Amino acid sequence: MANRKRDVQILLWVTPEEKKIIFSKFALPKVLKRMSLREEECIMTDEALDEVIELYSDTTGIRDLEQAAEHIAANALYQIEVDHVKSVTFDAEMVRNLLK
């Protein structure tokens with residue numbers, strides 16, 4: 001129990017820049033791999049990454065970031081399968097509309 005409490009306290013101090021790194025380097029690639037998508041099929045602009053972090057700025061853990069990654073990857077997969085596009089590039093507006 002003490003270790004869990006310590007982990008929660010550490011997550012309270014995660015900066016927006018650190019969340020951006022966690023999302024782009026760990027959460028999104030993990031979800032893409034699970035959905036059998038390649039990174040070049042689901043592209044996030046810098047503004048899109050900033051928008052994800054802004055939308056989840058009041059959260060302390062990474063679970064919400066992983067859920068955001070799942071929504072984004074699922075949307076990319078849908079567009080690839082249904083619209084027959086080779087890749088999807090998400091900008092800030094697309095992220096905002098998808099995650100709100």
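The values are calculated or read from the model by the stated rules, or taken from the named source; none is laboratory data. In this text, all values refer to a predicted model and were calculated from it rather than measured experimentally. All Cβ positions, glycine included, derive from the backbone under ideal geometry; neighbour counts span all protein chains shown.
With respect to (1) in contact with a helix residue (DSSP H, G or I) (Cβ under 6 Å, 6 or more places away or on another chain); (2) free of Cβ contacts under 8 Å to residues at least 40 places away in the same chain; (3) of a type in the set (A, V, I, L, M), the lone exception for residue 82 is condition (1).
Applying a threshold of 8 Å to beta carbon distances and a minimum spacing of six or more residues, or different chains, the list of pairs starting in the range 1-29 at a residue that is assigned to a helix (DSSP H, G or I) and among the polar types (S, T, N, Q) and ending at one that is at pLDDT 95 or above and surrounded by 10 or more Cβ atoms within 10 Å (Cβ to Cβ) reads 24/44; 24/49. Of all residues in the range 71-91, how many are more than 21 Å from residue 46 (Cα to Cα), among the aliphatic types (A, V, I, L, M) and out of contact with any Ser or Thr (no Cβ under 9 Å at 6 or more places or on another chain)? Selection size over the range 71-91: 2. Within the range 81-100, being in contact with a strand residue (DSSP E or B) (Cβ under 7 Å, 6 or more places away or on another chain) and of a type outside the set (Gly, Ala, Ser) holds for 88, 89, 90.
Taking the criterion of being in contact with a Leu (Cβ under 7 Å, 6 or more places away or on another chain) and at pLDDT 95 or above, the residues of the range 56-75 that qualify are 68, 69, 71, 72, 73, 75.
Check whether at least one residue in the range 26-37 is loosely packed, with under 10 Cβ neighbours inside 10 Å and either at pLDDT 95 or above or under 20 Å from residue 93 (Cα atoms) (or both), and report yes or no. Yes, there is a match, as at least one residue in the range 26-37 is loosely packed, with under 10 Cβ neighbours inside 10 Å and either at pLDDT 95 or above or under 20 Å from residue 93 (Cα atoms) (or both).
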